[in-house]
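*Asks:* Take this structure, written in structure tokens, and hold onto it; I'll ask about it next.
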Amino acid sequence: MGGIPLARCQFLIPFVDVLNNIGAPTDTLLAKHRLPTSLVEKVDHYFPLLHAISFAEAGQRSQGIIDFGFHVARQATFDHLSARVRAVVSQSPTLLIALQQTCKWASIEDTILNIWLEYCGEEVRVCSKLAGTERLQHLEHSHWLQLIFKILIVRQFAGPQWNPATIAFEARYTPSIETQSFWPYSRFLSGQHASWIDVPASSLSLTCRPTAMSIPPLTEEDGPSGYEIVRSIKMMLPSYLDQGPPSLAEVAEMAGLSVRSLQRKFAQADLSYSDLVHAARFEHAVKLLRDTDSKIIDIAFSSGYADHAHFTRAFRRLAGVTPRQFREQSRPAR
């Protein structure tokens, strides 16, 4: 079995913003669905995607929001994509290459997201689908984000006013008349084999509009190469360190495994869950000590340690030096 389906925390933030703007009990909803908080500090961390789908549906239902995914999509910008995906798009010589690169690197954003191109006469369909979710309901919230990001990528080449002639949802879902009025020249389809937009084939040769971005190109090692259970748990844990990591039983539920089966997975990797939590805390602390000027006590709390003394003892045991000594040694002399 593969790992836990994950997505970048950046994609959860617009849902939280919409709920906060209408005064909803957002933190309570996040906690109920076991999702991380303090998301602005965790944009490139990962959260369990399926929990977010149930969170979005609960938020829509409890707050009486119509087309929740659409309101979230309206807040999305090209900058919500990871720096690496923005780089490959911006550095692509044509729209066709950018779309091909988006297909290749989609799993950086969402570990079960597949994007592909279908050629249909004078148009190209940019399709997307979450692997293994065919029987799940309420996926239209995710579909809106999938669709808007494909639109935003095309706009880097076709201009900010570009809209597709067709917006298709895999879910059996039709946007409200009010929502459709924001897209007066687009038709909406539901119950499709995938979520897709159409792009005129004649537009594939368009070149990228000028950008001020300067990001190094991707290497093969930058993207996720597989989603085995231990690796996906390790990717997810940093999102939860400041509020307490999920219990072993909760992680097993996220992965669709029994606790015993999950423990066997760890045994095969010669690890325990507590080993993984300790490693995640240590790696998170190392990054903050090396790359930020945050106070050591703040780094301790952010990494999930109860207090300064606990942090110092745990860090010294793994690194051989105190956090303060590590910070001094890891920075060049001034």
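*Asks:* Using only C-alpha positions, report the orientation-averaged shadow area of the convex hull of the chain, nm², one decimal.
*Replies:* Mean shadow area of the hull around the Cα atoms is 19.2 nm².
*Asks:* Then there's this: Quick one: what Rg and Dmax do you get for the stretch 13-57 from the alpha carbons, in Å?
*Replies:* Expressed in Å, the Cα Rg and Dmax of the stretch 13-57 come to 9.9, 26.
*Asks:* While we're looking at this one, here's another question. What distance in nm separates the simple spin-label points at D44 and Q137, each placed 7 Å from Cα in the Cβ direction?
*Replies:* Taking the two extended label points, one gets 3.9 nm.
*Asks:* Which value, in Å², gives the accessible area per residue of the stretch 111-215 when a 1.4 Å probe is used on the protein heavy atoms?
*Replies:* On a per-residue basis, 50 Å².
*Asks:* Taking R0 as 30 Å, what FRET efficiency do you get between T292 and E250 from their Cβ-Cβ distance, rounded to the nearest 0.05?
*Replies:* Efficiency, rounded to the nearest 0.05: 0.55.
*Asks:* A follow-up question, please. Please give the peptides 62-70, 172-180 ranked by average Cβ packing (other Cβ atoms within 10 Å per residue), highest first, as a rough proxy for protection.
*Replies:* Highest-to-lowest ranking by the protection proxy: 62-70, 172-180.
*Asks:* To continue, here is another question. Along the Cα→Cβ direction, 7 angstrom out, place labels at R187 and D270. What is the inter-label distance in nm?
*Replies:* 6.0
*Asks:* Can I ask one more? Give me the percent of the accessible area of the chain that comes from carbon and sulfur atoms, probe 1.4 Å, all protein chains in place.
*Replies:* Looking at the chain in its full context, I get 52 percent from C and S.
*Asks:* GNM on the chain, C-alpha springs below 10 Å: top fluctuator among N20, N114, N163?
*Replies:* N20
*Asks:* Ignoring ligands and nucleic acids, what accessible area does Y273 show with a 1.4 Å probe (Å², nearest 10)?
*Replies:* Accessible area, nearest 10 Å²: 30 Å².
*Asks:* Which residues' amide hydrogens lie under 5 Å from the amide hydrogen of E228, considering only partners 5 or more residues apart or on another chain, with H built in the peptide plane?
*Replies:* Long-range HN contacts for E228: G3.
*Asks:* Okay, next question. Specify, per residue and in Å³, the volume enclosed by the convex hull of the alpha carbon atoms belonging to the stretch 124-213.
*Replies:* So the per-residue Cα hull volume is 113 Å³.
*Asks:* How high is the relative contact order of the chain, in percent, with contacts defined as C-alpha pairs under 8 Å that are six or more residues apart?
*Replies:* Dividing the mean separation by the residue count of the chain yields 18 percent.
*Asks:* Among G132, G121, G256, which one shows the biggest mean-square fluctuation in a GNM of the chain, springs joining Cα atoms closer than 10 Å?
*Replies:* G121
*Asks:* I'd like the distance separating the alpha-carbon centroids of the stretch 1-77 and the stretch 125-147, in whole Å.
*Replies:* Each part's Cα centre sits 15 Å from the other's.
*Asks:* Determine, for the chain, the count of lysine pairs separated by eight or more sequence positions (or lying on different chains) whose alpha-carbon distance falls under 26 Å.
*Replies:* Pairs that pass both the separation and distance tests number 17.
*Asks:* Roughly how big is the stretch 1-158's charge dipole about its Cα centre, with Cβ charges of +1 (Lys, Arg) and -1 (Asp, Glu), in debye to the nearest 20?
*Replies:* Result for the stretch 1-158 is approximately 200 debye, rounded to the nearest 20.
*Asks:* So what is the accessible area of the stretch 272-334 per residue, in Å², with the probe set to 1.4 Å?
*Replies:* It amounts to 61 Å² per residue over the stretch 272-334.
*Asks:* So how strong a dipole does the chain carry about its Cα centre when Lys and Arg Cβ are +1 and Asp and Glu Cβ are -1, to the nearest 20 debye?
*Replies:* In debye, rounded to 20, the chain gives about 760.
*Asks:* Moving to a separate point now. Name the long-range amide H neighbours of T322: under 5 Å, sequence gap of 5 or more, or other chain; modelled H, no Pro or chain starts.
*Replies:* none
The values are calculated or read from the model by the stated rules, or taken from the named source; none is laboratory data. Remember, predicted model here, so these are calculated numbers, not experimental data. Because the Cβ atoms are built from the backbone with ideal geometry, glycine has one as well, and the counts that use them run over all protein chains shown. What goes into the accessible areas is simple: the full protein's heavy atoms, side chains included, and nothing from ligands, DNA or RNA. Shrake-Rupley method; radii C 1.70, N 1.55, O 1.52, S 1.80 Å.
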